[in-house]
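Only one structure is covered here, and it is reproduced in the block below.
The values are calculated or read from the model by the stated rules, or taken from the named source; none is laboratory data. Remember, predicted model here, so these are calculated numbers, not experimental data. Note: ideal-geometry Cβ built from the backbone for every residue, glycine included; neighbour counts use all protein chains shown. When the accessible area is computed, the model is the full protein with side chains, heavy atoms only, and any ligands, DNA or RNA have been set aside. Shrake-Rupley method; radii C 1.70, N 1.55, O 1.52, S 1.80 Å.
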Amino acid sequence: MGKFDGVLICTDLDGTLLKNDKTVSPENREAIAYFMAEGGYFTFITGRMPYFVKDILARVSINAPFGCVNGAGIYDPVVGKYVWTQPIRDDVIELVRYVDANTEDMGIQINCFEHLYFSRENKTMEIFRQRTGLPNLVRDYADIDEPIAKIVFGDHREERLLRVKELLDAHPRRDDFDYIRSERSLYEILPKGVSKGTLLARMAEHLQIPMAHTVAVGDYYNDVSMLQAAGIGVAVENATPEAKAAADHITVSNENHAMAQIITDLDAGTIRLPPL
């Protein structure tokens, strides 16, 4: 019987598990291997699509399906397919059209479960492709014929993203969807009721792990729901004030092997899971 039997650690990637240069430190890798060898489940929830995490899976081992699309999908890399998805309503295109008509030079991505399309180009979308290495698949949002996972608006100018939020907040269909600021330059429309927190609960159920024995780790606004939902929520030292306020514990920064520190603290009882 392992020390971490029946425990699930679910982490965010950027700014949390990954260092600023997008690598996973040897200290983190060693601690994760120890945690899994002692019976624990280790995985992540990310805003990325499954094809956008192949490089991550080459750098760090997981032993459970991972969450993706900011809560709209669970993907099993062993069998190479989704375990569960929640597409967004088709009429989300009405909101996309509204934002497009009332902004200028706004980047628009349409994230489907198998493809990511660039519907409106700007400098932010160009930088996004350079950073991620994704192909420039161009398709107008009115011509998408696949189930849509989420909509992403992008602009590096803060006032432009605040304008998107203002427009969506005022739209009569606003309450049919959920919204999240996933990065400093990105604002997303998600299916109603979808978040990293709701996905963590679904993943725990899939693995037959009680929520009281889940540990969530994050750093940003879109991690708040899973930090609140987990048995233990841990924010890294570099997290936003909102993420820190939602967490039960604050650990070291992503540059200082945060995952290794959390596993060490679980091992020593410094971070103690609540009883079942």
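Assorted remarks:
- Per-residue SASA entry for residue 79, accessible area with 1.4 Å probe, Å² rounded to 10: 90 Å²
- When all protein chains stay in place and ligands, DNA and RNA are ignored, the 1.4 Å accessible-area order of 131, 163, 173, 48, largest first, is 131, 163, 173, 48.
- Beta bridge orientation in the chain: antiparallel %, DSSP, nearest 5: 65 percent
- Computed [θ] at 222 nm, helices only, for the chain once each DSSP H run of length n ≥ 4 contributes -39500 (n - 2.57): -8500 deg cm²/dmol
- Each residue of the stretch 225-234 is assigned a 3J(HN,Hα), and the resulting list reads 5, 7, 5, 6, 7, 5, x, 9, x, 10 Hz, derived from the Karplus form 6.51 cos²θ - 1.76 cosθ + 1.60 (θ = phi - 60°), x at Gly and Pro.
- Across the protein chains, with a 1.4 Å probe defining accessible surface, the residues 143, 12 rank 143, 12 from largest area downward.
- Extended-chain gain in nm, criterion 0.36 nm per residue less alpha-carbon gap, residue 115 and residue 256: 47.3 nm
- Rolling a 1.4 Å probe over the protein chains gives residue 113 an accessible area of about 20 Å².
- List 88, 62, ordered by accessible area with a 1.4 Å probe, largest first: 62, 88
- Beta bridges per DSSP, both residues in the stretch 179-276: antiparallel share near 40 percent.
- Fraction of beta bridges assigned by DSSP in the stretch 1-124 that are antiparallel (%, nearest 5): 70 percent
- In the list (i) 1.32; (ii) 0.95; (iii) 0.99, the label attached to Cα Rg over 2.2 N^0.38 Å as derived from the coordinates here is (iii).
- Converting the Cα gyration tensor eigenvalues of the stretch 180-276 into ellipsoid dimensions via √(5λ) gives semi-axes, longest first, of 22, 19, 9 Å.
- Computed from point charges on the beta carbon alone (+1 for Lys and Arg, -1 for Asp and Glu), the dipole magnitude for the chain about its Cα centre is near 240 Debye.
- Residue-wise HN-Hα coupling along the stretch 197-209, computed from phi with Karplus coefficients 6.51, -1.76, 1.60 (Hz; x: Gly, Pro): x, 5, 5, 4, 5, 5, 5, 4, 5, 4, 8, 6, 10
- In this simple spin-label approximation, residue 101 and residue 59 carry label points 7 Å from Cα along the Cα→Cβ vector, and these lie 4.3 nm apart.
- Over 25 Å between alpha carbons, listed pairs 81/244; 19/244; 19/192: 81/244; 19/192
- In order along the stretch 78-92, the Karplus-derived 3J(HN,Hα) couplings, from 6.51 cos²θ - 1.76 cosθ + 1.60 at θ = phi - 60°, round to 5, 9, x, 7, 6, 8, 7, 9, 10, x, 7, 4, 4, 6, 4 Hz, and Gly and Pro are given as x.
- In this structure residue 16 has an accessible area near 0 Å², from a 1.4 Å probe over the protein heavy atoms.
- Note on the chain: dipole from Cβ charges, positive end direction compared against 227, 43, 247; the farthest Cα belongs to 43.
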